[in-house]
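*Asks:* The structure that follows is given in the form of structure tokens.
What follows is calculated from the coordinates using simple rules that are stated; it is not laboratory data. All values derive from a computational prediction rather than experimental measurement. Cβ: placed from backbone, ideal geometry, glycine included. Neighbour counts: every protein chain shown.
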Amino acid sequence: MIMKKELRKAIIAGNWKMNKTPGETGALIKEIIPLAMNADCTVVVCVPFTSIAVAAESVKSSPVKVGAQNVHFEASGAFTGEISAAMLKEAGAEYVIIGHSERRQYFGETDETVNKRTKAALEAGLTPIVCVGELLWEREADITDEVVSRQIKLDFAGISAADASKIVVAYEPVWAIGTGKTATSEQAQEACKLIRDRLAALYGRKTADSVTIQYGGSMNAGNAAELVAKEDVDGGLIGGASLKAADFGEIIKAASK
Ligand code: 13P
């Protein structure tokens, strides 16, 4: 029997967060390219806005893809400091992270704006990486299911099944981000399966089975293999370890098995 997991290509995406100037970007990508050359997973680097153009230039004639870390939902207009989906696309991005917990925590991102940004990204032909996940006290209060189910329902509101299958979901428990505290592979599997079940309720099993669902939160060279081996964990969204080529390379290797 072919496992559903084998039908989905794992995605290993680095979220560089607010790190690397345009000048530093090319050097790190140069180190990453050989590590991605024979990978049996998709490799993405989500860089700061100012590094997208140089990243796109650097990955030419390599399998590495470039992503952004946010996108505004309007096409243009008086939105000082914001960047549209068309701008990202023209700069060379193919992916965009939406609703990262740092955006939700520090910049007032809500499920409503996550939903709008996701639609804008899809319309421009970008692949959204939509982040969901519970806070520590929500897990401790045993409401992870409610929190993540609510995020999935709201973030996917009004999105068709055809579009839903183009979306990547990243399960990022907030307590595991940048803390060195990784979810166990069982916790990651449980949450990723929960997300897939919620998507199945919205769109049917076939669509849900086609969606790539990543785990993110202190994933590193040492723990990646166990996490990505789980049935419903299709790769990872990696912060800190994605800034060290050797570590990122180990994670790519783990996802290529
Ligand atoms: P860390 O890998 O640094 O914990 O960050 C995870 C993350 O937020 C990826 O988006």
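*Asks:* Measuring from label point to label point, each 7 Å out along Cα→Cβ, what is the Glu123 to Ala246 span in nm?
*Replies:* 4.7
*Asks:* Suppose R0 equals 41 Å. What FRET efficiency, 1/(1 + (r/R0)^6) with r the Cβ-Cβ distance, do Lys257 and Glu74 give to the nearest 0.05?
*Replies:* With R0 = 41 Å, the Cβ-Cβ based efficiency is 0.45.
*Asks:* Quick one: grab the alpha carbon gyration tensor of region 34-187, order the square roots of its eigenvalues as a ≥ b ≥ c, and give me rounded if a/c is under 1.5, else prolate or oblate depending on whether a/b is larger than b/c. If you can, show how the numbers build up before the last one.
*Replies:* Values: a/c = 1.75, a/b = 1.27, b/c = 1.38.
Oblate is the answer for region 34-187, as a/c is 1.5 or above yet b/c matches or exceeds a/b.
*Asks:* Right, next: P(r) for the chain: what percent of alpha-carbon pairs falls in each 10 Å bin, starting at zero?
*Replies:* 8, 34, 39, 18, 2, 0
*Asks:* Please report the orientation-averaged projected area of region 64-148, defined via the convex hull of its C-alpha atoms, in nm².
*Replies:* Reported value for the Cα convex hull: 6.4 nm².
*Asks:* Right, next: If you take the beta carbon distance between Ala157 and Asp197 as r and set R0 to 22 Å, what does 1/(1 + (r/R0)^6) give as a FRET efficiency, to the nearest 0.05?
*Replies:* Numbers: r = 18 Å, r/R0 = 0.80.
Once the sixth-power term is evaluated, E becomes 0.80.
*Asks:* Still on this structure, please answer the following. May I ask you to order 135-146, 42-53 by the average number of other C-beta atoms within 10 Å around their residues, highest value first?
*Replies:* Peptide ranking by packing, descending: 42-53, 135-146.
*Asks:* Here is a follow-up. Treat each spin label as a single point 7 Å out from the Cα along the C-beta direction, and report the Ser62 to Glu90 distance in nm.
*Replies:* Each label point is offset 7 Å from its Cα along the Cβ direction, giving 2.6 nm.
*Asks:* Between Ile143 and Glu231, what's the calculated FRET efficiency when r is the beta-carbon distance and R0 is 22 Å? Round to 0.05.
*Replies:* Values: r = 24 Å, r/R0 = 1.10.
Computed FRET efficiency for Ile143 and Glu231 comes out at 0.35.
*Asks:* Let me ask something else. Would you mind checking which residues have amide H under 5 Å from Ile98's amide H? H placed 1.01 Å from N; only 5 or more apart, or other chain.
*Replies:* Residues meeting the amide H criterion: Ile129, Val130, Cys131.
*Asks:* Between Ala27 and Thr50, what length in nm is gained on full extension when 0.36 nm per residue of separation is reduced by their alpha carbon distance?
*Replies:* Difference between extended and current length: 6.8 nm.
*Asks:* Among the lysines, select those whose C-alpha is under 27 Å from the C-alpha of Lys4, and discard any that sit fewer than 8 residues away in the same chain.
*Replies:* Here the lysines satisfying the reach criterion relative to Lys4 are Lys65, Lys119, Lys153, Lys166, Lys193, Lys206, Lys230, Lys253, Lys257.
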